[in-house]
Amino acid sequence: MQHIKRILVANRGEIACRIMRTAHKLGLRTIAIYAEPDAQAPHVRMADEAWPIEGPSPTGAYLNMDAILEVAEKAGAHAIHPGYGFLSENADFARRVIKAGIRFVGPRPDAIEQMGDKSTAKAAMEAAGVPTVPGYHGEDQSPDRLLEEARRIGFPVLIKASAGGGGKGMKVAESVADFPDALESAQREALNAFGSNHVLLEKYLPVARHVEVQLLCDAHGHALYIGDRDCSVQRRHQKILEEAPAPGLSDALRAAMGEAAVRCARAIGYVNAGTVEFLLGPDDAFYFMEVNTRLQVEHPVTECVSGLDLVEWQLRIADDQPLPFTQDDVQLQGHAIEARIYAEQPAKAFLPSTGRLTQVVWPETSAGLRVDHAVESGTEVSAWFDPMLAKMIVHAPSRDAAINRLFEALCHTRIEGVQTNLDYLCHLLATDTFREARLHTRLCEEHPPGKQRLQEAVLPHAVAALLQEGRLQIPRPLRQWAWSSNTPIYETCFTLSAGDEHFHLNARLEGDTVSLRWRDAQHCFQIRWSETSGKVSVRAAQENVWRNVSYVYTEHTLILTEPELAIVSHQHQTSWEADSTAPENDTLAPMSGTVIKVLKSTGDTVEAGDTIMILEAMKMEHPVRASHEGILEKLFVSEGNTIREGQSLFTYASGKDGKEKDDD
């Protein structure tokens, strides 16, 4: 490196660690910044030096431009890498970095500004001949004008924050009736996350795919596309599974999208790494969505298939080095998939989960498996920061092999102390929809948490595995039984669940024979456990064939992989405790966070589904609704209050007159 010897990473968590790994590989000295809660964080320990910064909140510290620039000057930084999130797409910050004589590892401020406002970006792309989604991106932001434009576009419409991304400030209005509340919520989230409540409207394409193109552009006139990625699998408009290359695209379509992305870059004089996001319709028509003027969270899948270190090329481009290869030199090999592991509660609409991580175990990494993370046992997951804990990335010769490798890696990951989406990721990977690459942005709605089906034929295998693990409430584990006709007989009752399907089972155990009864059915089978291999196998009473049972037990969930895939949970105590003193009619907080709006008052009559208040955690809004009609008797919290999960929020009496309704 000619000009950059010392680099400050203006970020935290896994992306700060990721940047530092490449910086150290290049022989650069790394400088970390940290808010007080991160004083012992992995990125602080990894850096060659670390400086504390202050702000109005832990999140605000990483947005404190004055403090960051003061540290950069004192530490003698030659460059600042912003990572993603925080100040990574803030044009004012980039200008101040450059004005201070420090190199900004990213695009020029004018390009950030132009693409940071989605309305301006769409106008620029239309002028460059890049197809865009029909919509409205005007300056008139009055509710009446926005509703008028929504009617013109046609419902459903997508309301998007003009100044940012990541799913924040993004709402779908299915009808005219939905529009006012969706608009207000989107503007409020946008203002909180990006400092601007300006929004744009787009026609919502419910079965479209999210396909994006990775760019590398130097300051010497070279602009290349480094393949594409499919990021269609999303919940709450945030990606959770990403893969490269995007499956099922013809060579002609792939080239057309890549060339369109390069036109986007040239139209705004783009320099450094960036991503152009497109919506791809079922007719192979594609439409510009936005340009991410930073490194993407999902950049590792492109690194895997291209063999390029994108962070290295970000640094080299910022060091004024030209790209030494051409478009023809970019060759992709194999298939890569990334899974984002979040601290969240899939069964509760993916609400964030907070707490201290009591145990973190990752699978052993290899040439085809990479885990980017910055958490460990003892890490505190708070409501201040994004709930993503890690990214698990696999690379294999084929898509099928990559899916299987990722599934196995997720099964061997253990995270305790908070709830996670590990089991839900496994469920998605196992669906025919994903395995057959029938991808679109509503895939998670088609396969929501709690909809996995359990085949009755798998029940004996699930029971055998749970006995093997000692997870059923019986006097002794199976391996301690005496294998003779004189063995005692045990009986036990338990429940197995797969999503919203429940099997209430009665089991009678005599020696190696188990009789299961559920509903009106009875199934007898034998279990064999190997002292040498530690494996368990099952044989039905009427069969002569022993079938091996392969499984992984994680987070109170049994994931069977042989003889067929199934995801099963057995009856267990939940990992969090609600307020045990709360009266029966109290509504409890589904998560920790802040009350940002209270919409009802004591004495109000409410209907089932009415929004009583809105909570916020990690810059995302979560409405709390009435479960049934009644009279709101008491509010226990007010706007601005910080709340904990399980805390009483309000109480109301059933029935419009405040009393339970008579059956007649």
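Structure above, values below:
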read-out: Single condition residue 24 does not satisfy, out of (1) in contact (Cβ under 8 Å) with a residue 40 or more places away in the chain; (2) closer than 23 Å to residue 303 by Cα; (3) not hydrophobic (A, V, I, L, M, F, W, C); value: (1)
read-out: Residues (within 30 Å of residue 409 (Cβ to Cβ), out of contact with any helix residue (DSSP H, G or I) (no Cβ under 6 Å at 6 or more places or on another chain) and assigned to a helix (DSSP H, G or I)) located in the range 309-339; value: 313, 314, 315
read-out: Criterion (in contact with a Phe, Trp or Tyr (Cβ under 9 Å, 6 or more places away or on another chain) and polar (S, T, N, Q)) met by exactly one of 120, 132; value: 132
read-out: Single match in 455, 359 (criterion: surrounded by fewer than 15 Cβ atoms within 10 Å (Cβ to Cβ), over 22 Å from residue 248 (Cα atoms) and at pLDDT below 90); value: 455
read-out: Residue in the range 389-402 that is buried (at least 21 other Cβ atoms within 10 Å of the Cβ), outside the structural domain of residue 168 (by TED's automatic domain parsing), part of a helix (DSSP H, G or I) and modelled with pLDDT of 90 or more present; value: yes
read-out: Candidates 202, 212, filtered to the one that is among the acidic types (Asp, Glu), crowded, with 21+ Cβ neighbours inside 10 Å, touching a Leu at 6+ places or on another chain (Cβ under 7 Å) and under 29 Å from residue 92 (Cβ atoms); value: 202
read-out: Test: residue in the range 253-262 that is buried (at least 24 other Cβ atoms within 10 Å of the Cβ) and either within 26 Å of the chain's Cα centre (by Cα) or outside any strand (DSSP E or B) (or both); value: yes
read-out: Selection within the range 228-261 - closer than 15 Å to residue 304 by Cα, small (Gly, Ala, Ser) and out of contact with any helix residue (DSSP H, G or I) (no Cβ under 7 Å at 6 or more places or on another chain); value: 246
read-out: Answer from 408, 364 - the residue that is outside any strand (DSSP E or B), over 20 Å from the mean Cα position of the chain (by Cα), of a type outside the set (Phe, Trp, Tyr) and surrounded by fewer than 22 Cβ atoms within 10 Å (Cβ to Cβ); value: 364
read-out: Hits in the range 422-449 - residues which are assigned to a loop (DSSP other than H, G, I, E, B), more than 24 Å from residue 558 (Cβ to Cβ) and under 15 Å from the mean Cα position of the chain (by Cα); value: 441, 442
read-out: Flag for residue 196 being among the polar types (S, T, N, Q), touching a Pro at 6+ places or on another chain (Cβ under 8 Å), surrounded by fewer than 22 Cβ atoms within 10 Å (Cβ to Cβ) and not assigned by TED's automatic domain parsing to the domain that holds residue 597; value: no
read-out: Filter result for the condition that a residue is aliphatic (A, V, I, L, M), under 17 Å from residue 93 (Cβ atoms) and under 23 Å from the mean Cα position of the chain (by Cα), over 61, 16, 41; value: 16
read-out: Residue count, the range 285-308 (criterion: in contact with a helix residue (DSSP H, G or I) (Cβ under 7 Å, 6 or more places away or on another chain) and either part of a strand (DSSP E or B) or closer than 14 Å to residue 230 by Cβ (or both)); value: 5
read-out: Count of residues meeting criterion [crowded, with 18+ Cβ neighbours inside 10 Å and either among the hydroxyl-bearing types (Ser, Thr, Tyr) or outside any loop (DSSP other than H, G, I, E, B) (or both)] in the range 47-57; value: 2
read-out: Residue in the range 52-67 that is more than 21 Å from residue 1 (Cβ to Cβ) and of a type in the set (Val, Ile, Thr) present; value: yes
read-out: Residue in the range 106-126 that is nearest to residue 164 (Cα to Cα), counting only those that are of a type in the set (Lys, Arg) and in a helix (DSSP H, G or I); value: 118
read-out: Scan of the range 127-165 for residues that are in a loop (DSSP other than H, G, I, E, B), touching a His at 6+ places or on another chain (Cβ under 8 Å) and surrounded by 20 or more Cβ atoms within 10 Å (Cβ to Cβ), ordered by number; value: 162, 163
read-out: Residue check for residue 173: closer than 17 Å to residue 611 by Cα, free of Cβ contacts under 8 Å to residues at least 60 places away in the same chain, touching a strand residue (DSSP E or B) at 6+ places or on another chain (Cβ under 7 Å) and of a type in the set (A, V, I, L, M); value: yes
read-out: Answer residue from the range 270-284, given it is small (Gly, Ala, Ser) and assigned to a strand (DSSP E or B) and is nearest to residue 213 (Cα to Cα) among those; value: 274
read-out: Residue within the range 380-401 that is more than 17 Å from the chain's Cα centre (by Cα) and β-branched (Val, Ile, Thr) present; value: no
read-out: Candidate set: the range 22-44, residues that are of a type in the set (A, V, I, L, M) and not in a strand (DSSP E or B); chosen: the one surrounded by the most Cβ atoms within 10 Å (Cβ to Cβ); value: 23
read-out: Residue 61 being within 16 Å of residue 295 (Cβ to Cβ), buried (at least 19 other Cβ atoms within 10 Å of the Cβ) and not basic (Lys, Arg); value: no
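Residue-by-condition table, conditions (1) surrounded by 23 or more Cβ atoms within 10 Å (Cβ to Cβ); (2) at pLDDT below 95; (3) assigned by TED's automatic domain parsing to the domain that holds residue 255; (4) more than 19 Å from residue 210 (Cβ to Cβ):
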| residue | (1), (2), (3), (4) |
| --- | --- |
| 303 | no, no, yes, yes |
| 309 | no, no, yes, yes |
| 317 | yes, no, yes, yes |
| 321 | no, no, yes, yes |
| 334 | no, no, yes, yes |
| 355 | no, yes, yes, yes |
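So that you can scan it fast, the table gives a plain yes or no per residue for (1) of a type in the set (A, V, I, L, M, F, W, C); (2) without any contact (Cβ under 8 Å) to a residue 24 or more places away in the chain; (3) within 21 Å of residue 234 (Cα to Cα):
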| position | (1), (2), (3) |
| --- | --- |
| 116 | no, no, no |
| 119 | no, no, no |
| 138 | no, yes, no |
| 146 | yes, no, no |
| 154 | no, no, no |
| 158 | yes, no, yes |
| 164 | no, no, yes |
| 167 | no, no, yes |
| 177 | yes, yes, no |
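The values are calculated or read from the model by the stated rules, or taken from the named source; none is laboratory data. The model shown is predicted, which means the values in this text are computed figures rather than measured ones. Backbone-built Cβ (ideal geometry, glycine too); neighbour counts: all protein chains shown.
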